There are 2 protein chains.
Amino acid sequence: MSLNLGVLVSGRGTNLQSLIDKSTSGEIDAKVAVVLSDNPDAYALKRARKAGIPAIYIDPCTTKPVLVGEAEVEYMKVLNEYKVDLVCLAGFMRIIKENFLNEFKWRLMNIHPALLPSFKGLHAQKQALEYGVRFSGATVHFVTGHVDGGPIILQAVVPVYKDDTEETLSERILAEEHRIYAEAIELFAKGKIEIRDNRVITGGLDE
Amino acid sequence: MSLNLGVLVSGRGTNLQSLIDKSTSGEIDAKVAVVLSDNPDAYALKRARKAGIPAIYIDPCTTKPVLVGEAEVEYMKVLNEYKVDLVCLAGFMRIIKENFLNEFKWRLMNIHPALLPSFKGLHAQKQALEYGVRFSGATVHFVTGHVDGGPIILQAVVPVYKDDTEETLSERILAEEHRIYAEAIELFAKGKIEIRDNRVITGGLDE
């Protein structure tokens, strides 16, 4: 039985598009059931609607970068109405708090454009360039109360070249984000993700 | 003209041995001119003597993990007596302070068994395993006043497997440490290391 995904977005939605495409092509055994955004102008909402997916703006009712209060309740309610099995953050620019975390414990993933624990927070690619690392990458992790600090599901590495700009590095990382986010969802769909001592042990997709 | 290396060690000296071997074989255009240790029982001292390299214990005169005071002066004096061009820390368990840093500015390298800035400090491999990262690695960097925080010269990546122990991961990383430490020294010897805005730009060895 195919997995129902709920995707939370704030921006242009490149990871969302990748998930839609891979769902349509059958590359992942999951379908995007609903897309929610805290930004009425998010291009991601347009992408969802173009693909015939319910795409809903829900007012976060706060200028702080958090999802709390009645808005939090509303997000959870809609996700449950659409029978979402797994919530995927895809450029959702708000910190998820306790109630939501409990509701979707071990069913809430995020993708971060760095090799965590390096370069948490915003502009991870820029941070990596400024630090001068020779490799960066992407991380899919479960979301917990520690921002960008939850148990790692998958990572991917990319080289950083000396003439890289934030754009060229971001593009290289983005290709890996799309690949490992899909792989993590597929592992989840196939029951290949095991939690031991708050760490994630993944089986191989072909095992 | 071959580079004179001064190597500072506290322990078993596996990286020292690699440098001695690669110097002897001609893989790097550098020779280990002198080995200094803050630990009279360091096995690294035996390795050096076996290779016919002056190996000197200099009492650090403090129980704190720092190199300061008269000991610091003595270390600098001996390194200069042996006309050391480049100082390589290889498991030297003391923090290097301002006077020494100034004396050997951009001529002082360290190797760290992690992909910095992740997992600074002691037991980096254990930290990586406990965090649950999927990749770790090694970093050669210039030493500055920020412990494990100086400009990166080279890095190497290794996978972390789910059945890894601290030993198996350390061994995998160590092979990369040996490779990139030698490469960084060779880049230095060939004048292929450039500093721009406190960051390191390396040329290729075959350029």
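Inside region A:126-148, can you point out the residues that are closer than 17 Å to B:Phe135 by Cβ and not charged (D, E, K, R)? Hits for region A:126-148 are A:Ala128, A:Tyr131, A:Val133, A:Phe135, A:Ser136, A:Gly137, A:Ala138, A:Thr139, A:Val140, A:His141. Inspection of region A:108-116 identifies no residue that is of a type outside the set (Phe, Trp, Tyr) and open to solvent by 70 Å² or more (accessible area, probe 1.4 Å). Please verify whether region B:117-127 includes one or more residues that are among the aliphatic types (A, V, I, L, M), open to solvent by less than 50 Å² (accessible area, probe 1.4 Å) and assigned by TED's automatic domain parsing to the domain that holds B:Ser170. Taking every residue of region B:117-127 in turn, at least one turns out to be among the aliphatic types (A, V, I, L, M), open to solvent by less than 50 Å² (accessible area, probe 1.4 Å) and assigned by TED's automatic domain parsing to the domain that holds B:Ser170. Just one of (1) open to solvent by 80 Å² or more (accessible area, probe 1.4 Å); (2) within 16 Å of the chain's Cα centre (by Cα); (3) outside the structural domain of A:Val157 (by TED's automatic domain parsing); (4) under 22 Å from A:Ile173 (Cα atoms) fails for A:Thr14. It is (1). Condition (residue is open to solvent by 80 Å² or more (accessible area, probe 1.4 Å), modelled with pLDDT of 95 or more and over 19 Å from B:His178 (Cα atoms)) applied to region B:24-33: is it met by at least one residue? No, because not a single residue in region B:24-33 is open to solvent by 80 Å² or more (accessible area, probe 1.4 Å), modelled with pLDDT of 95 or more and over 19 Å from B:His178 (Cα atoms).
For every residue, the table says whether it meets (1) touching a Cys at 6+ places or on another chain (Cβ under 8 Å); (2) over 30 Å from B:Thr144 (Cβ atoms); (3) crowded, with 21+ Cβ neighbours inside 10 Å.
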position	(1), (2), (3)
A:Glu74	no, yes, no
A:Phe92	no, yes, yes
A:Asn99	no, yes, no
A:Glu130	no, no, no
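Residue count for region A:134-151 satisfying the condition of being surrounded by fewer than 24 Cβ atoms within 10 Å (Cβ to Cβ), in contact with a helix residue (DSSP H, G or I) (Cβ under 9 Å, 6 or more places away or on another chain) and either without any contact (Cβ under 8 Å) to a residue 24 or more places away in the chain or β-branched (Val, Ile, Thr) (or both): 1. Restricting attention to region B:134-187, the residues that are in a helix (DSSP H, G or I) and small (Gly, Ala, Ser) add up to 4.
Where helices (runs of 4 or more DSSP H) sit wholly within region B:57-133, those with at least 2 residues that are more than 14 Å from chain A (Cβ to nearest Cβ) occupy B:69-81, B:98-103.
Look at region A:78-97 and say how many of its residues are among the basic types (Lys, Arg) and either under 19 Å from A:Ser2 (Cβ atoms) or within 13 Å of the chain's Cα centre (by Cα) (or both). Total satisfying the criteria: 2. If you go through region A:188-207 and keep only what is open to solvent by 30 Å² or more (accessible area, probe 1.4 Å), touching a residue at least 12 places away in the same chain (Cβ under 8 Å) and outside any helix (DSSP H, G or I), you end up with A:Lys190, A:Lys192, A:Ile193, A:Ile195, A:Asn198, A:Arg199, A:Leu205, A:Glu207.
The values are calculated or read from the model by the stated rules, or taken from the named source; none is laboratory data. Treat the numbers as computed from the prediction; the structure is a model and nothing was measured. Glycine gets a Cβ as well: all are built from the backbone with ideal geometry, and neighbour counts include every protein chain shown. Accessible surface areas use protein heavy atoms only, side chains included; no ligands, DNA or RNA. Shrake-Rupley method; radii C 1.70, N 1.55, O 1.52, S 1.80 Å.
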